[in-house]
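Data block below; observations after.
Derivation of every value follows stated rules applied to the coordinates shown; laboratory data play no part. Note that the structure is predicted; figures quoted are calculated from it, not measured. As a convention, Cβ positions derive from the backbone with ideal geometry for all residues, glycine included, and neighbour counts pool all protein chains shown.
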Amino acid sequence: MIFVTGGAGFIGSNFITDWLQHSQELVLNLDKLSYAGNLENLKPISDHPQYIFQQGDIADEKLITELLVKYQPRAMINFAAESHVDRSIHGPDDFIQTNIVGTFRLLESVRDYWNQLPSEQRQNFRFLHISTDEVYGSLEKNAPAFKETHQYQPNSPYSASKASSDHLVRAYYHTYGLPVLTTNCSNNYGPYQFPEKLIPLCIHNAISNQPLPIYGDGQQIRDWLYVIDHCQAIVNVLEKGQVGEVYNIGGCNEKANIEVVNTLCQILDQQQPRTDGKSYADQITYVKDRPGHDRRYAIDASKIQQQLAWRPKETFESGMAKTVTWYLSHFDWVNNVTTGVYRQWVEQQYS
Ligand code: NAD
Ligand code: DAU
């Protein structure tokens, strides 16, 4: 069995659904069900005989220990986090609590469990920590892409909290020998992403006849990866990664934000044209910039490509077309996650 945390969020739910299509192993999913966690994301597999859900917090050592002892997993994959940069700017507390304190408590529970395993299981156990390229800070326009050895220079409360968790994971390997792996991935997009993030927000706003908000000059660059390609990279790292190593994951798809939103509008114009015959691009609106906004991220994925034979399958164009199709055909999901609390967030962030 594998133990997944944060599996009701965007990447975790895609990971579990994808995993169950390829594996006979059980998956235990522990999730706090924060505003970003949604059991609807797991509806297609909620009755699957290999799937178990437990609501809970990664910081709850008693609960985590009980689950570890009961289910005896061979691996844990830690997706659980507060993940939205803008929210970390408005209120960093939850980010410190979950991403730093929560990861620490989780590591303590896992260390205790791992110490008591028989030697072969101890050797085979893995703790895979899912992290982000944002820990490396911002790149100049022509600077080489982030390698695993790039200096940590986090710039937002979110990225600083993720950087902190990465350091704790690293320390548990060096100090206690806990068999850890860390992945640092670039921006994901695809089904079930909460519409606070750029791509689903713009799809939702476009079809709701709302402005498509572009921060600052829209020239900030992100390196986009389709979520299922990320999930498959995680499987490769879990099964073939070298203990104690870090793997950068990215799509080699550097795009300026304005380019991303224009592409989105073109796809929407084809898939669901506006009734007045105009382009959705007319809804693009430049708004106040994000404080401390990182200018550019780019991942050098040569290590995972060469050592673990991973390559993304989707191009940016094919992934975006799939994503738009998914959102247009999952109206109920979008409507359910864009109610009261979501509207308050939008009001606070964009009014
Ligand atoms: P998300 O916000 O969609 O999901 C996070 C999940 O964690 C939610 O289900 C939430 O309920 C759960 N959670 C939050 N606090 C918890 C706690 N204390 N205990 C248990 N569960 C808790 O995030 P995501 O986009 O799916 O990101 C998943 C992971 O991948 C995060 O660690 C994030 O830093 C990392 N990451 C994300 C991206 C991206 O583009 N989305 C890119 C690289 C890395
Ligand atoms: O790079 C990996 C990271 O990608 C992950 O670690 C984070 O969890 C994930 O949220 C994402 O962070 P970003 O801040 O890059 O993603 P977001 O979708 O919030 O923004 C993408 C870019 O678009 C960024 O430059 C900010 C900009 N933006 C975002 C929003 C929400 C806008 O211009 N307008 C918006 O309304």
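Taking 25 Å as R0, compute the FRET efficiency from the Cβ-Cβ separation of Tyr152 and Gln307 and round it to 0.05.
Once rounded, the FRET efficiency stands at 0.70.
For the residue pair Lys70 and His90, what label-to-label distance in nm results when each label sits 7 Å from Cα along the Cα-to-beta-carbon direction?
3.5 nm
Just to confirm the number: angle between the C-alpha axis of helix 198-207 and the first principal axis of the chain, 0 to 90 degrees, nearest 10?
Tilt of helix 198-207: around 40 degrees.
Count the DSSP beta bridges whose two residues both fall in the chain, then state the antiparallel fraction as a percent rounded to the nearest 5.
Expressed as a percentage, antiparallel bridges in the chain total about 10.
Viscosity 1.306 mPa s, temperature 10 °C: what is the translational diffusion coefficient of the stretch 181-313 from Stokes-Einstein with a Kirkwood Rh over Cα pairs, rounded to a whole number of µm²/s?
98 µm²/s
Residues of the stretch 198-224 with backbone nitrogen within less than 18 Å of a virtual label 7 Å along the Cα-to-Cβ line of Arg274, please, listed as ranges.
Within reach of a label on Arg274: 201-214.
Using 0.36 nm per residue, how much length does the chain from Phe331 to Ser46 gain when fully extended, once their Cα-Cα distance is taken away?
Roughly 100.6 nm would be gained on extension.
So what's the angle, to the nearest 10 degrees on a 0 to 90 scale, between helix 316-329 and the longest Cα principal axis of the chain?
80 degrees
Please check: in the Gaussian network model of the chain (C-alpha springs, under 10 Å), which one of Thr275, Thr338, Thr98 has the largest mean-square fluctuation.
With Cα springs under 10 Å in the chain, the top fluctuation among Thr275, Thr338, Thr98 is at Thr275.
Testing the spin-label approximation: label points 7 Å from Cα along Cα→Cβ at Glu239 and Lys288. State their distance in nm.
4.9 nm
Out of residues 5 or more away from Glu245 or on other chains, whose amide H comes under 5 Å of its own, with H placed 1.01 Å from N in the peptide plane?
HN-HN under 5 Å from Glu245: Thr182.
Please give the Cα centre distance for the stretch 132-164 versus the stretch 188-246, rounded to the nearest Å.
Centre-to-centre (Cα) distance: 17 Å.
If amide hydrogens are placed 1.01 Å from N in the peptide plane, which non-local residues have theirs closer than 5 Å to the one on Phe53?
Asn29
Report the gain in length on full extension from Asn142 to Gln219: 0.36 nm times residue separation, minus Cα-Cα distance, nm rounded to one decimal.
Additional length available on full extension: 26.3 nm.
Taking each pair of distinct Cα atoms in the stretch 129-173 once, what is the resulting Kirkwood hydrodynamic radius in Å?
Value: 11.1 Å, from the Cα pair sum.
Restricting the calculation to Cα positions, tell me the Rg (one decimal) and the Dmax (whole number) of the stretch 68-109 in Å.
13.0, 39
With label points built 7 Å along Cα→Cβ from the Cα atoms of Lys62 and Glu120, find their separation and express it in nm.
For the pair Lys62/Glu120, the computed spacing is 3.6 nm.
Share of antiparallel DSSP beta bridges in the stretch 193-351, in percent to the nearest 5?
Bridges in the stretch 193-351 that DSSP calls antiparallel: roughly 40 percent.
Suppose we flag trypsin sites (Lys or Arg not before Pro) only when DSSP calls them loop and at most 11 other Cβ atoms lie within 10 Å. Which is the longest uninterrupted stretch of the chain?
Answer from the scan: 1-140.
List every residue whose amide H lies under 5 Å from the amide H of Leu128, counting only residues 5 or more places away in sequence or on a different chain, with H placed 1.01 Å from N in the peptide plane.
Met76, Ile77, Asn78, Leu181
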